[in-house]
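Peer 1: Got a structure here, written out as structure tokens. Questions coming.
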Amino acid sequence: MPPLAGRRALVTGASSGIGAAIARALSAAGAEVTLAARRAERLAEVARGLERARTVVVDVRDAAAVARAFAGLEVDLLVANAGLSIGMERLPEGVPEDWAAAIDTNVKGVLHAVHAAVPAMVAHGRGDVVLIGSVAGRQVYPGGAVYCATKHAVRALYEGLRLDMAGRGIRFTTVDPGMVGETEFSPIRFAGTSSARRRSTPASTT
């Protein structure tokens, strides 16, 4: 019998990169997997090769939308993976809108997913929650202050959950990857730098 047979998993940010790889691995191990992300076409592409898979189109930054999308799922394995970073500017030259996108996705997105999925685990007295952090949650580097702050926050949420939920039968884990190839993380990030924006913006004509 596959090791995760009978488990019901939910993976956020599952339309590409680490999230898609996690969804595939969980499915191969026998879990029934719900893939959640913003891009319907990409979700469908990932889910097409999986058994016992379904997709949910949702933006984890929207608390109400997450609550609606995850209502009734009753998953017993949550992987809160959705995350991003935009830009590599040093902090004083950063773009507040980019900071907001990172904070809303990397921190609030984790909170929204946990808030929506964990109550069902509590009701059943068992479950697993995996928060995807980063080595950036352990070491800050130039041009990464805001992203690193969000991943430090993920580690704090993990530690807080372990304390808050002690004795409820739920296990909490954090995984902190380093640099990973074959994902969209770096292209999105570098495309968001001010210099890249200037290079990609056509000269104005009058």
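What follows draws every value from the coordinates through simple rules; no lab data is involved. In this text the structure is predicted, and so the values were computed from the model without any measurement. We place every Cβ from the backbone using ideal geometry, glycine too, and count neighbours over all the protein chains shown.
Peer 1: So, S27, is that one buried (at least 22 other Cβ atoms within 10 Å of the Cβ), polar (S, T, N, Q) and farther than 23 Å from V146 by Cβ or not? Break it down stepwise before answering.
Peer 2: Details: buried (at least 22 other Cβ atoms within 10 Å of the Cβ): yes; polar (S, T, N, Q): yes; farther than 23 Å from V146 by Cβ: yes.
Answer is yes for this residue.
Peer 1: I'd like to know if region 11-20 contains one or more residues that are in a strand (DSSP E or B), touching a helix residue (DSSP H, G or I) at 6+ places or on another chain (Cβ under 9 Å) and either touching a residue at least 40 places away in the same chain (Cβ under 8 Å) or farther than 18 Å from T105 by Cα (or both).
Peer 2: Looking through region 11-20, at least one residue is in a strand (DSSP E or B), touching a helix residue (DSSP H, G or I) at 6+ places or on another chain (Cβ under 9 Å) and either touching a residue at least 40 places away in the same chain (Cβ under 8 Å) or farther than 18 Å from T105 by Cα (or both).
Peer 1: Just one of R61, R68, R39 is charged (D, E, K, R) and either farther than 26 Å from A101 by Cβ or surrounded by 17 or more Cβ atoms within 10 Å (Cβ to Cβ) (or both); which is it? Before the answer, list the steps.
Peer 2: Details: R68 fails: either farther than 26 Å from A101 by Cβ or surrounded by 17 or more Cβ atoms within 10 Å (Cβ to Cβ) (or both); R39 fails: either farther than 26 Å from A101 by Cβ or surrounded by 17 or more Cβ atoms within 10 Å (Cβ to Cβ) (or both).
R61 is the lone residue from the list that is charged (D, E, K, R) and either farther than 26 Å from A101 by Cβ or surrounded by 17 or more Cβ atoms within 10 Å (Cβ to Cβ) (or both).
Peer 1: So how many residues does region 146-166 have that are in a helix (DSSP H, G or I), over 15 Å from G83 (Cα atoms) and small (G, A, S)?
Peer 2: The qualifying residues number 2.
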